[in-house]
Amino acid sequence: MATYKEIHGVKVQSVASDKVTATEGDVWYNASTSKLKMYASLGSWATGGNLTAAKSGISASGTQTASLIAGGYTSTVVTQVESYNGSTWTEIADINTARRNHGQAGTSTAAIIAGGREPTLSAKTEEWDNSSWTEVGDFNSARRQYGCFGTSTAAFACSGVPNPLASVESWNGASWTETTEMNTPRQSFVASANGTTSDAIVFGGGNPGTTAVAVAEKWNGSAWTETGDLNDSRHNLAGAGSSSSGAIAMSGEAPSYVTSVETFDGTSWTEVADVSTGKTQGAGSGTETSALYVGGFTSAPAVNN
């Protein structure tokens, strides 16, 4: 088998930091992080329609062209809900309780939101039936900044603040039940995917607090297994994906705001096209190949988490 030098005529470069300008297929060794990196121009980002009001600490569910965001923070905690049709955002029925840094699962027409900060820590859950929001069963343990995946009738809420929590709770459409704990408790992380409770992945976050981690764990319906780490540790990131073998990690803090985006193929993470602006506490929806990234802070937040 031919070596990299035999193919390209040069050895793999050792550099102090990642290349700012790279071309397709470039490979380098980052001596400061002890990681081998490759540049692949997979996909690109395009500007979509703006939210009706700038906000952070939001949650999202749905697809790139049919998405729902709820709650969040402007200059205060809000009850506002917006629906996206692929080009424009439209305000629809408000949630009952203003909150931020909560979780959301489901689609744009059938979803749940739970927990968050009201500003006090919340255990409340609300269900969306494409017309109105209804309060349903509370969490066993109030939490915020946790990972959430599944549907409006079958979902998981993983770890989060306070401490961070080790507990994981499952939703059956009526109530929450404590279930198998993750290996690494954390906060300010994301989970993928929407639509299933037996094939998902959680990644990134802080443990403790703002100490960013790269750890990723897969869920198979009964147990958590650590898998390939993110290339860049980050917390308060956004994410989306279709399964434990397909996810995308977008922007976040490490601790400065990063523009880097990574996709997961079931084994490892690959850096792909950056977003134009690094943000924190935004939200993601869609899949690893067709994602939406919306909202968030672009500068130091007025209220932390």
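The values are calculated or read from the model by the stated rules, or taken from the named source; none is laboratory data. Predicted model only: the values in this text are computed from it and were never measured. Glycine also receives a Cβ, built like all others from the backbone with ideal geometry; neighbour counts cover every protein chain displayed.
Here are some notes:
- If the condition is being surrounded by fewer than 17 Cβ atoms within 10 Å (Cβ to Cβ) and out of contact with any Leu (no Cβ under 9 Å at 6 or more places or on another chain), then the range 90-110 contributes 90, 91, 93, 94, 96.
- Criterion: within 18 Å of residue 173 (Cβ to Cβ), touching a residue at least 12 places away in the same chain (Cβ under 8 Å) and loosely packed, with under 14 Cβ neighbours inside 10 Å - qualifying residue of 75, 61, 131, 87: 131
- Enumeration of residues in the range 134-153 that are of a type in the set (Gly, Ala, Ser), under 18 Å from residue 185 (Cβ atoms) and surrounded by 21 or more Cβ atoms within 10 Å (Cβ to Cβ): 147
- Some residue of the range 166-180 being assigned to a strand (DSSP E or B), in contact (Cβ under 8 Å) with a residue 40 or more places away in the chain and more than 19 Å from the chain's Cα centre (by Cα): yes
- Note on the range 118-166: residues that are touching a Gly at 6+ places or on another chain (Cβ under 9 Å) and either hydrophobic (A, V, I, L, M, F, W, C) or closer than 19 Å to residue 192 by Cα (or both) total 25.
- Strands (runs of 3 or more DSSP E) fully within the range 235-305 that include at least 2 residues being of a type in the set (Gly, Ala, Ser): 238-243, 246-250, 283-286.
- Criterion violated by residue 48 - all others in (1) in contact with a Leu (Cβ under 9 Å, 6 or more places away or on another chain); (2) at pLDDT 95 or above; (3) assigned to a loop (DSSP other than H, G, I, E, B) satisfied: (2)
Table: residues versus (1) surrounded by 15 or more Cβ atoms within 10 Å (Cβ to Cβ); (2) free of Cβ contacts under 8 Å to residues at least 60 places away in the same chain; (3) within 28 Å of residue 106 (Cβ to Cβ).
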{"position": "257", "(1), (2), (3)": "yes, yes, no"}
{"position": "262", "(1), (2), (3)": "yes, yes, yes"}
{"position": "275", "(1), (2), (3)": "yes, no, yes"}
{"position": "280", "(1), (2), (3)": "yes, no, yes"}
{"position": "283", "(1), (2), (3)": "yes, no, yes"}
{"position": "290", "(1), (2), (3)": "no, no, yes"}
{"position": "297", "(1), (2), (3)": "yes, no, yes"}
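- Qualifying residue in the range 196-209 (condition: aliphatic (A, V, I, L, M), without any contact (Cβ under 8 Å) to a residue 40 or more places away in the chain and in the same structural domain as residue 265 (by TED's automatic domain parsing)): no
- In the range 139-173, the qualifying residues are those that are of a type in the set (Gly, Ala, Ser) and touching a Pro at 6+ places or on another chain (Cβ under 6 Å), and the one that is modelled with the highest pLDDT is 159.
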